[in-house]
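Contents: one structure, followed by commentary.
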Amino acid sequence: MKTLIFILFTLFATASGEPGGKITNTSDPITVKGKATYYANKFHGRRTANGEVFSNKKLTAAHLKLPFGTMVTVTNVDNGRSVEVRVNDRGPHSRFYIIDLSQAAAKKIGMFGKGVANIEMTYTLPKRK
């Protein structure tokens, strides 16, 4: 049963484009709605997937597919507050969330202490040459 659920989820995610599907290159802004969470204290000082040392004080984020360095505007849809973050890690490793934020970013949009927020994220991918 778990295998069937995994296969169905994989097929759905690939067809929908987010969060597990292929990201297409375009110069048009892309907006995705979903849920965000933020890093726990235990990750502060550890290496991120791109090799940087993670800091909960910087405005960074983890995304499963977006290229490292992509700037993403994350808006908390419950209060309208926004923050711009740079992708420097891979995650979240749960199908329920589309982005993991640093604690500094979570504080900027008023979700720190709540753990999860309904968000809208907007980003633009560079054109391929």
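The values are calculated or read from the model by the stated rules, or taken from the named source; none is laboratory data. Model, not experiment: these values are computed from the prediction. Cβ coordinates were reconstructed from backbone atoms using ideal geometry, including for glycine residues, and neighbour counts include every protein chain displayed.
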Self-check item: Residue, farthest from residue 121 (Cα to Cα), within the range 61-81, restricted to residues that are touching a helix residue (DSSP H, G or I) at 6+ places or on another chain (Cβ under 8 Å) and not charged (D, E, K, R)
Solution: 61
Self-check item: Members of the range 1-48 that are surrounded by 15 or more Cβ atoms within 10 Å (Cβ to Cβ), hydrophobic (A, V, I, L, M, F, W, C), modelled with pLDDT of 75 or more and under 22 Å from residue 121 (Cα atoms)
Solution: 30, 32, 36
Quiz item: Out of the residues in the range 65-85 that are of a type outside the set (S, T, N, Q) and surrounded by 18 or more Cβ atoms within 10 Å (Cβ to Cβ), which is nearest to residue 40 (Cα to Cα)?
Solution: 85
Quiz item: Mind checking whether some residue in the range 117-127 is within 25 Å of residue 45 (Cβ to Cβ) and among the hydrophobic types (A, V, I, L, M, F, W, C)?
Solution: yes
